[in-house]
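Engineer: This structure is in C-alpha cells; I'll ask about it shortly.
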Amino acid sequence: MLTYLLASVELPMLSDIVLIFGLATLVILLFMRLKIPTIIGFLFTGAIAGPYGLSLVQASTTVEVLSEIGVILLLFVIGMEFSLKSLLSIKKAVFIGGSLQVSITILVTTFISYFLGFDWNVAVFIGFLFSLSSTAIVLKLLQEGGQVNTIPGRTTLAILIFQDVVIVPLMLFTPMLAGESDNIALSLFLMAIKGTVVILITIVSAKYLVPNLLFRIAKSRNEELFLLSIIVICFAVAYLTSLLGLSLGLGAFLAGLIISESDYSHHATGKILPFREVFLSFFFVSVGMLFDITFLFSHIFVIIGLTLLTFVVKFVIASISVRAIGQGFKEAFMVGLSIFQVGEFSLLLAKVGMTYSLFDAETYQYFLAISIITMAVTPFVLKKREELACGILNLPLPSRLNKRFGNENIPEPSIEDPSLTDHLVIIGYGLNGHNLSKAAKSANIPYAIIEMNPETVRAEALKGEPIMYGDAANESVLEHINIHKARVAVIAISNAEATKRIITAIRHITHNPYVIVRTRYVNEMEENHKLGADEVIPEEFETSIEIFHRVLHKYLIPRHDIEEFTAEVRSHNYEMFRGTTDVTSRFKIDLPEINFVSLKVEKDTGAFINIPIKEAGIREKIGVNVVAIKRGDRTITEITGDQKLKLGDTVYVVGKIEAIEAFQKEIEVD
C-alpha cells in the first residue's frame, strides 16, 4: 500500500497507465483469439475502465492528452509515406470531393434533424458533427492493409484531409449558432492568411531546409540525434499550426509531408512507428471511456435506427461526391464504405457545442452512442469494403439503373470440383490472364480463374469459363479452388501491394504450386522472390515488346523483320532492356528519329486529362502520338479519338524527346 501511494505521488498517472495497458493486454489477447480487430479491443477496454464502467481510471484528462499524441504521430507517419507530389496529384479530390462531401452532409443532416424536432441552429450544428469522419481509425486501417496509395485509398485520404481543415471554420461558426456575436468574416479571413503562411512554410521546409538538416544529422551517424530531430520537427510544426488556430493533426500531417521530400523518410518512419502504436492505443481507450453502456441498452432500438440512418446517409453522400470528381461507381462505393462513421473531431466539436448549450445531456449521449458504434463497426466494414462495393453493383436493380451503373447481375459461378488437381490457377483475368486461359484450354490443361471485376466474372461465366469472384489474398478463396493441389499459380494483376498479399497467402497455405508473378517494374522482382514467388516477369519487358511491335508496324517495317527483332530480344532473356549487353549490335533496324516511352498520369485535371484525345489535340499541340493506354488490368491498343486519359493510367507515346518532355510535364507531377 505504501509503495502504491509513493508511486502515485511521484507519478500520479502511473497507476492509470498500468491499469489501461494491463487490461488492454488481456482484452486484446481474448479478441485476437476470437479474430476481432484490436481497435475494438481498445474501445472495449475504455468502456470497462471508464466512468460508465468500473471507474478504474481516474486521470481521464491525462488519457486524453496521451491519445492526442497518438493521433499526431499517426498523421505524421501518414504524411511521411505520402509526399507532396502525391498530395498535389489529388488536389481535385481534396477540394471538390471534400467540399461536396462536407457541405451535402451538413445540408441533409440539418433537414433530417429539423424534421426530428430540433431548432434550426441545433440542426445545423448536428450537421457539422455528422459531416466529419474518423481520420485516426480509417487511416490506421488503410495503412495496415497497404491501401493508402490505391485510388480509393488516396481519395479517402483526400476527403479526410479536407475534413481536418474544415473543422476550424466549423468551430468558428459554432458560437454564432449559439447566438454569440463573434466577427466570423474577420476570423475566416485571418484563417485564410494563416493557412497560406503554413503552406508556404511547408513548401520551403520540404524543398530546402529539412532535407539539408537531416543530411547533416545523418552524417553524424547518431541514431539518438536523428530520432530527436524527427520528433522535434513533428511536434514543432503541429504546435505552429495550433498557434495559428489550425488542428494539431493537420500540422503533424504537414510535418510528415516535409520529411517525405527527403531521403530519410523510410528510416524516420521505422523510428516513429513503435511510439505511434503506444500512444494511439490511448486514443481508442479514451473514446471507449465516453461510452455509457447503460444508456445504450435503455435506448437500444432508437440508437440502432439512428446508427443505420447515419451509415446510409453518409455512405450515399460520400459516394455521390466521389462520382462527381469522375471516379467509377466501385471506387465511389469503396470510399463511402470507408468514411461512414462519425469522427474524433466531431467529439471535440460536440464538447464545444455543450459549452454553448447547443446540446442537452440526453442528446449528447445519443450522439456519443452513434459515434462510438459507427467507429466500432468500421474495421469490419473497411476490411470487406471492396466485396461490399461489388455486391452493391450486383444488386437486382431496374434496367434503367443497371444501365446507369454499367452493371448486370453476376451469376454465382462455383468451382467446387473436388477432383480439380494438378491444375493451373490464374489470378486476374485481364489481357494476360485471358490469353493464358486460351493457351491452357488449347493445350488441355485444367485451370481455374479468380477475378475481382464483377462484370468480367459475369461475362466469362456465361461463356462457360471456370471463373469465380473473390479476393485471392483471402485464404478461403484460394482453398476453394484447391490451391494446395495446383501445379502452377500465375498472378496476373497490376497492383503491386495486392500481388505481395496474394503470394503471402498462397505460401501460408502451401508450398506446392510453382508461383509465377507478373510485375510492373524490375525493382519489384527481388521482394516478390523473397515472399515466395518462383518466377517474376516484369511487365515492362513484355509490354514494351508488344507495343514496340506495333510501333515498328506503324513505321512500315516489314513484318518478317519485326518478328525476327522481337524473337532476338526474347531469346537473349531481355538483355536489351536489362542493359547487360548491346543486343542492337547484332541486329539493326533503320528507323526515323523517334523515342518510345511510357508515362504515368499523376494528375486528375489538366489540358489533356479527362478530355477526348481528338479534342485535346495532343499530337497537334505537343507533337507526340499516343500508341496505347494501360488502365488497371487492361491495355487499350486501339486508340480512338474518343479515348480519355485518366488519373492512374500508364500512357505509351512516340515522339521526339523534346515533345515527350513537354507532354510529361502536362500529366505527371513535377
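Engineer: For ARG323, ARG619, ARG276, what's the fewest-to-most ordering of other Cβ within 10 Å of each Cβ?
Structural biologist: ARG619, ARG323, ARG276
Engineer: On to the next question. For a Förster distance of 41 Å, can you work out the FRET efficiency between the beta-carbons of HIS484 and ASP263, rounded to the nearest 0.05?
Structural biologist: After rounding, the FRET efficiency stands at 0.40.
Engineer: Go through the stretch 187-273 and name the trypsin sites (Lys or Arg not before Pro) that are in a DSSP coil and have 13 or fewer other Cβ atoms within 10 Å of their Cβ.
Structural biologist: Qualifying residues, ordered by number: ARG221.
Engineer: As a quick test, which of the pairs LYS441/LYS485; LYS603/LYS644; LYS314/LYS384; LYS271/LYS500; LYS463/LYS630 have an alpha carbon distance above 22 angstrom in this structure?
Structural biologist: Beyond 22 Å: LYS271/LYS500; LYS463/LYS630.
Engineer: Taking the Cα centre of the stretch 424-540 as the origin and placing charges on Cβ (Lys, Arg +1; Asp, Glu -1), which of ALA443, ILE483, ILE502 is farthest toward the positive end of the dipole?
Structural biologist: About the Cα centre, the residue reaching furthest to the positive side is ALA443.
Engineer: About its Cα centre, what dipole magnitude does the stretch 2-391 give when the only charges are +1 on Lys and Arg Cβ and -1 on Asp and Glu Cβ, stated in debye to the nearest 20?
Structural biologist: Magnitude of the dipole: close to 1200 debye.
Engineer: Another question about this same structure. Would you mind ranking GLU661, GLU620, GLU344, GLU223 by Cβ crowding within 10 Å, fewest neighbours first?
Structural biologist: Going from least to most buried by this count: GLU620, GLU223, GLU661, GLU344.
Engineer: Go ahead and collect, in residue order, the members of the stretch 609-649 whose backbone nitrogen is under 18 Å from a label point 7 Å along the Cα-Cβ direction of SER598.
Structural biologist: The answer is 625-639, 645-649, whose backbone nitrogens lie closer than 18 Å to the label point.
Engineer: Based on Cβ point charges of +1 for Lys and Arg and -1 for Asp and Glu, what charge dipole magnitude is obtained for the stretch 591-670 about its Cα centre, in debye rounded to the nearest 20?
Structural biologist: Approximately 180 debye in magnitude.
Engineer: For the stretch 424-540, what percent of Cα pairs sit more than 23 Å apart?
Structural biologist: Distances greater than 23 Å cover 22 percent of the Cα pairs.
Engineer: May I have the extent of the alpha carbons of the stretch 263-405 along their three principal axes, as whole Å values ordered from largest to smallest?
Structural biologist: Answer, in whole Å and largest first: 52, 50, 27 Å.
Engineer: Follow-up question, since we're still on this one. Which of rounded, prolate, oblate describes the stretch 224-282, given a ≥ b ≥ c as roots of the alpha-carbon gyration tensor eigenvalues and a/c under 1.5 marking rounded, otherwise prolate only if a/b is larger than b/c?
Structural biologist: It is oblate, given that a/c is not under 1.5 and a/b is not larger than b/c.
Engineer: Next question. Beyond 14 Å, what percent of the Cα pairs of the stretch 591-670 remain?
Structural biologist: For the stretch 591-670, the fraction of Cα-Cα distances above 14 Å is 58 percent.
Engineer: Mind giving me the FRET efficiency for ALA178 and VAL65? R0 is 35 Å, r the Cβ-Cβ distance, nearest 0.05 is fine.
Structural biologist: My answer for the efficiency is 0.85.
Engineer: In addition: At a Förster radius of 51 Å, what calculated FRET efficiency corresponds to the Cβ-Cβ distance of LYS644 and LYS219, to the nearest 0.05?
Structural biologist: 0.60
Engineer: Here's another thing I want to ask about it. As I understand it, the dipole of the stretch 2-391 uses +1 on the Cβ of Lys and Arg and -1 on the Cβ of Asp and Glu, about the Cα centre. Which of THR109, ALA236, ALA268 lies farthest toward its positive end?
Structural biologist: ALA268
Engineer: Might you report the magnitude of the Cβ-based charge dipole of the stretch 424-540 about its Cα centre, with Lys and Arg at +1 and Asp and Glu at -1, to the nearest 20 debye?
Structural biologist: 340
Engineer: Listing SER494, SER103 from the residue with the fewest other Cβ atoms within 10 Å to the one with the most, what is the order?
Structural biologist: Going from sparsest to densest Cβ surroundings: SER103, SER494.
Engineer: Quick check: residue separation of PHE95 and ILE293 times 0.36 nm, minus the Cα distance between them. What number comes out in nm?
Structural biologist: 67.4 nm
Engineer: Still on this structure, I have one more. Of the listed peptides 629-639, 330-340, what is their order by residue-averaged count of other C-beta atoms within 10 Å, with the highest listed first?
Structural biologist: Top to bottom by mean Cβ count within 10 Å: 330-340, 629-639.
Engineer: Could you work out the mean projected area of the convex hull around the alpha carbons of the stretch 2-391, in square nanometres to one decimal?
Structural biologist: Directional mean of the projected Cα hull area for the stretch 2-391 stands at 20.8 nm².
Engineer: Quick check: convex hull of the Cα atoms in the stretch 119-264, volume per residue, rounded to a whole Å³?
Structural biologist: Measuring per residue, one finds 130 Å³ for the Cα hull of the stretch 119-264.
Engineer: 7 Å from Cα along Cα→Cβ at both THR605 and SER15: what's the point-to-point distance in nm?
Structural biologist: 5.8
Engineer: Then there's this: Stretched out fully, how many nm does the piece from VAL316 to SER357 gain, at 0.36 nm a residue minus the Cα gap?
Structural biologist: Roughly 11.7 nm would be gained on extension.
Engineer: Quote to one decimal, in nm, the extra length available between ALA192 and ALA496 on full extension: 0.36 nm per residue of separation minus the C-alpha distance between them.
Structural biologist: My answer for the length gained is 105.5 nm.
Bear in mind these aren't lab numbers, they're just calculated from the coordinates by the rules spelled out. What you see is a predicted model, and the numbers here were worked out from it, not measured in a lab. Backbone-built Cβ (ideal geometry, glycine too); neighbour counts: all protein chains shown.
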